[in-house]
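The values are calculated or read from the model by the stated rules, or taken from the named source; none is laboratory data. Treat the numbers as computed from the prediction; the structure is a model and nothing was measured. For neighbour counting, all protein chains shown are included, and Cβ atoms are generated from backbone atoms with ideal geometry for every residue, glycine included.
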Amino acid sequence: MKQDLYKYLIANAGNMTVEEIATCFLASVVIGAVIFISYRFSHSNTVYSAKFNVSLMMLTSVTTLIMSVIGNNVALSLGMVGALSIVRFRTAIKDPRDTVYIFWCVAAGVCCGIQDFTVVAIGSATIFLIMLLLGNVRNNEKYLIIIRGNQDSEEKANNLMVDTYRNKISLRVANVTHKDMELIYEISESTLRKAGKKNPGFDIRAGLMEIEGVDSVNLVCQNDEITR
């Protein structure tokens, strides 16, 4: 039994020629460049990370390197799985699209490493077109409108918010002291945009500041991506 297993492992331990290795890495560089371009076009300036984009290209080549070393050697593949299983990545993924690009790089590297160029070409072209068409889709961001002033201005500020946005807003916080008040409303980006189209030139912040007793108005976007 042991001898049969040994013979099987030896028989399936083929080596790649220099030309084959060069072809694999050339293909990985080309696919990595496609991924680089796709990532650049699908991310806006506020969330684009040049270092992460370069890392994606390197990840494709590194995966190709691993697959080229493994080849069809079953014993080496098992050892490589055990070695890589101890690696732990702690980098937080702030944009869900980044996960897609990481898997794309790994899959492309695997295909290049096993010389399945047809699959990697068709698959990468398909993913590229999908990300090009849908990569710029944005969430309907949530905004917070924070109003601070004296207590007498609370009713007027609330009435202006309700008259402007109707039932499209949500009062999240209402803090009141003996003299001061603080109101925090949650509103979607689409609601802000629609209100701006109905009343061109109208700014809710300016309207609130015209109310006597309102000291400050802050508009805050609840979007973690901008912190990158």
Qualifying positions in segment 27-48 - more than 13 Å from TRP104 (Cβ to Cβ), surrounded by 15 or more Cβ atoms within 10 Å (Cβ to Cβ) and not β-branched (Val, Ile, Thr): ALA27, HIS43, TYR48
Filter result for PHE52 (modelled with pLDDT of 60 or more and under 18 Å from ALA108 (Cα atoms)): yes
Unmet requirement for ASN139, which otherwise passes all of (1) loosely packed, with under 13 Cβ neighbours inside 10 Å; (2) in a loop (DSSP other than H, G, I, E, B); (3) among the polar types (S, T, N, Q); (4) at pLDDT 85 or above: (4)
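Taking segment 17-58, which residues are assigned to a loop (DSSP other than H, G, I, E, B) and either under 16 Å from TYR101 (Cβ atoms) or outside the structural domain of GLN115 (by TED's automatic domain parsing) (or both)? Even if it seems obvious, please write down each step before you answer.
Of segment 17-58, the ones assigned to a loop (DSSP other than H, G, I, E, B) are 17, 43-49.
Selection gives HIS43, SER44, VAL47, TYR48, SER49.
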ARG193 vs. criteria within 30 Å of TYR48 (Cα to Cα) and charged (D, E, K, R): yes
Answer from ILE122, ILE127, ILE114 - the residue that is at pLDDT below 85, within 30 Å of PHE25 (Cβ to Cβ) and in the same structural domain as ALA22 (by TED's automatic domain parsing): ILE114
Residues of segment 165-214 satisfying the condition of being at pLDDT below 90 and aromatic (Phe, Trp, Tyr): TYR165, PHE202
Subset of segment 169-196 [closer than 16 Å to LEU144 by Cα, under 28 Å from the mean Cα position of the chain (by Cα) and not in a strand (DSSP E or B)]: ILE169, GLU189, SER190, THR191, LEU192, ARG193
Close pairs from segment 40-66: first under 16 Å from MET131 (Cβ atoms), partner modelled with pLDDT of 85 or more and among the basic types (Lys, Arg), Cβ under 9 Å, at least 6 apart: TYR48/ARG40; ASN53/ARG40
Residue match in segment 1-18 (condition: small (Gly, Ala, Ser) and at pLDDT 60 or above): no
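Out of segment 162-204, which residues are in contact (Cβ under 8 Å) with a residue 40 or more places away in the chain and touching a strand residue (DSSP E or B) at 6+ places or on another chain (Cβ under 8 Å)? Quick ask: steps written out before the conclusion?
Of all residues in segment 162-204, those in contact (Cβ under 8 Å) with a residue 40 or more places away in the chain come to 164, 184-190, 192, 204.
Of everything in segment 162-204, those that are in contact (Cβ under 8 Å) with a residue 40 or more places away in the chain and touching a strand residue (DSSP E or B) at 6+ places or on another chain (Cβ under 8 Å) turn out to be ILE184, TYR185, GLU186, ILE187, SER188, GLU189, LEU192, ILE204.
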Failed condition for THR177, given (1) loosely packed, with under 15 Cβ neighbours inside 10 Å; (2) of a type in the set (S, T, N, Q); (3) within 17 Å of THR60 (Cα to Cα): (3)
Residues satisfying the stated conditions in segment 206-224, i.e. surrounded by 15 or more Cβ atoms within 10 Å (Cβ to Cβ) and within 34 Å of the chain's Cα centre (by Cα): VAL217, ASN223
Odd one out for CYS112, checked against (1) closer than 30 Å to VAL69 by Cα; (2) surrounded by 13 or more Cβ atoms within 10 Å (Cβ to Cβ); (3) without any contact (Cβ under 8 Å) to a residue 60 or more places away in the chain: (3)
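Hey, any hits in segment 210-217 for a residue that's under 30 Å from ALA50 (Cβ atoms), touching a helix residue (DSSP H, G or I) at 6+ places or on another chain (Cβ under 7 Å) and not assigned by TED's automatic domain parsing to the domain that holds SER49?
Restricting attention to segment 210-217, the residues satisfying the condition of being under 30 Å from ALA50 (Cβ atoms) are none.
The answer is no, given that none of the residues of segment 210-217 is under 30 Å from ALA50 (Cβ atoms), touching a helix residue (DSSP H, G or I) at 6+ places or on another chain (Cβ under 7 Å) and not assigned by TED's automatic domain parsing to the domain that holds SER49.
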